[in-house]
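The values are calculated or read from the model by the stated rules, or taken from the named source; none is laboratory data. This structure is a prediction, so every number in the text was calculated from the model and none was measured. Here the Cβ is made from the backbone with ideal geometry for all residues, glycine too, and neighbour counts use every protein chain on show. Please note that ligands, DNA and RNA were not included when accessible areas were found on the heavy atoms of the full protein model with its side chains. Shrake-Rupley method; radii C 1.70, N 1.55, O 1.52, S 1.80 Å.
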Amino acid sequence: MSATLLSSTRRTLRTDLPSSLVVFLVAVPLCVGIAVASGVPAELGLVTGIVGGLLTGLLPGSSLQVSGPAAGLAVLVYEAVGAYGLAALGLLVLAAGLLQVALGALRLGRWFRAISVAVIEGMLAGIGLVIIAGQLYTMADLEAPASGLAKIAGLPGLAADILGSAPALTAFAVGTGTVALMLLWQRLPSRVRKVPGALAAVALATVITTTFGLGIATVEVSGLLDAVQPPDLTGLGSVVDAGMIGTVLAFTLIASAESLFSAAAVDRLHDGPRTDFDKELMAQGAGNTVCGLLGALPMTAVIVRSATNVHAGARTRASRVLHGVWLLLFAVLFPAALSIIPVAALAGVLVHAGCKLLPLRRLVPLWREHRGEAVVLTATALAIVGVGMFEGVLVGLALAVLKSAWETSHTHLEVDDAAPGPVRVALTGNATFLRLPRLLAALEALPSDRPLELDLSGVRHLDQASRAALTGWAERHHEEGVPPVRLTPTP
């Protein structure tokens with residue numbers, strides 16, 4: 001037994017220990033950058049990453065995917081902090097976590113896979129657009145407008161401000177250089193790419209900024225314990241406010257959908273145990289519950305870190321747990337290292353992450369093959385940019401439902417005109433209000449001076465609007481002296 005345990009430990013050290021270090025190096029700049037983009041202390045991003053490793057990493061569900069703060073929630077967190085204050089963030093995340101646990105316990109995790117992929121991709125695309133637009137201002141050390149539309153509309157003015165200000169131009173050059181190096185890093189030899197591109201780019205930007213004293217904004221550090229602000233649980237009842245309920249539901253929907261979609265994608269990358277979606281949802285909920293109690297950022301499973309974990313050779317959940325250990329040691333032992341990181345470089349990392357959320361390569365083929373899906377995706381993204389996160393997701397879900405209803409509400413009329421007898425018409429399919437105008441137009445084109453028999457036995461579904469319309473048409477269609485339309489069976 002001891003020999004087996006020793007062999008297992010050696011195997012873990014050989015595979016999962018190195019992969020945990022790679023994931024840790026990828027996670028550090030993303031955790032800090034997402035926190036800064038969310039308008040909260042940088043340390044809170046590390047706290048969420050630590051909880052994602054040490055707690056969620058130990059729980060059953062998915063064995064290899066990695067959890068932590070995600071760019072997909074940065075916009076929503078920024079809006080929530082702006083609307084309700086940093087003190088309320090913990091309550092919102094706590095409520096979302098408890099809701100996730102309840103949904104998982106009710107075995108509803110698998111149903112998140114029923115959400116239209118077009119809605120999820122549109123949601124991420126809209127988030128990506130807002131992140132890119134907002135972080136372009138941050139790359140220049142300038143304040144971004146509040147709304148998504150205002151950010152995009154202000155880009156020409158931003159260009160003028162950058163060109164007219166030496167400090168802004170310097171900061172923007174650092175951010176642009178960060179993005180350029182991350183793009184270039186993907187083309188370098190595999191030996192070099194063992195160091196994550198984001199880490200290399202931020203490290204180089206930090207060295208240049210410090211060495212040459214560029215005088216651009218750096219990350220503000222308050223200390224790990226000072227940044228952690230447990231919420232006042234007596235204020236949990238305030239979450240019943242309509243706006244806060246909407247934020248909690250948005251946190252829950254986005255975090256759960258992104259986590260479970262990530263789990264499905266990670267399962268395709270390895271041959272290990274498959275994900276139990278209900279247990280994974282409960283694990284994510286437990287992590288968010290603890291993040292809420294610590295006043296930290298909400299967490300999701302993140303496909304970039306998860307794929308890095310698999311590609312780095314991870315075989316067990318030990319890798320993601322160890323990555324949480326390294327994050328904790330970094331936050332405790334080297335907090336001052338954060339204070340020399342230029343904000344513009346982290347903004348560059350987020351711009352790069354935002355670009356990855358845009359399904360540019362998929363959109364054109366999707367338009368050619370499934371035009372309705374492309375419309376749902378685009379409309380969801382534009383609604384998020386133009387109106388807001390929660391409203392945009394609701395628009396996408398509504399459009400996806402309407403699209404599905406439209407595609408399933410096919411009706412077919414078959415006319416048997418065997419003169420001089422009655423005209424026999426058979427209606428088949430699903431008769432709903434969506435196809436009603438076309439159906440009535442076809443029925444009204446039938447002769448009104450001859451007996452008509454309409455067979456409805458092949459109709460699988462007849463909604464109330466169609467039922468009333470068919471009855472009204474039958475009553476008024478025949479001319480005087482002609483037998484009334486005969487409906488079989490009677491609707």
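Structure data summary
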| quantity | calculated |
| --- | --- |
| Accessible-area composition of segment 135-219, carbon plus sulfur, in percent [1.4 Å probe] | 69 percent |
| Note, ³J(HN,Hα) from phi for segment 390-398, Karplus 6.51, -1.76, 1.60, rounded to Hz, x at Gly and Pro | 5, 5, x, 5, 4, 4, x, 5, 5 |
| Gain in span if fully extended, residue 249 to residue 336, counting 0.36 nm per residue against the direct Cα distance | 27.7 nm |
| Helical mean residue ellipticity (222 nm; -39500 (n - 2.57) per DSSP H run of 4+; nearest 500) of the chain | -20500 deg cm²/dmol |
| Local electrostatic count, residue 92, Cβ distance below 14 Å [Lys/Arg +1, Asp/Glu -1] | -3 |
| Simple spin-label estimate for residue 450 and residue 387 in nanometres, 7 Å along Cα-Cβ | 4.9 nm |
| nm² value of the averaged projected area, convex hull over the Cα atoms of the chain | 31.3 nm² |
| Accessible area expressed per residue, the chain, with surrounding protein chains retained (probe 1.4 Å, Å²) | 46 Å² |
| Accessible-area composition of segment 25-73, carbon plus sulfur, in percent [1.4 Å probe] | 82 percent |
| Residues in segment 12-42 that a label on residue 194 would reach, taking backbone N under 16 Å of a point 7 Å out along Cα→Cβ | 14-26 |
| Taking N as its residue count, the alpha carbon Rg of segment 409-491 over 2.2 N^0.38 Å | 1.01 |
| For segment 305-374 and segment 403-418, distance of Cα centres in Å | 47 Å |
| Net charge contributed by nearby residues that have their C-beta within less than 13 Å of residue 433 (K/R +1, D/E -1) | +2 |
| Rounded FRET efficiency, nearest 0.05, which uses the C-beta distance separating residue 412 from residue 433 and R0 of 22 Å | 0.80 |
| Nearest-0.05 FRET efficiency for residue 86 and residue 476, computed from C-beta distance (R0 51 Å) | 0.20 |
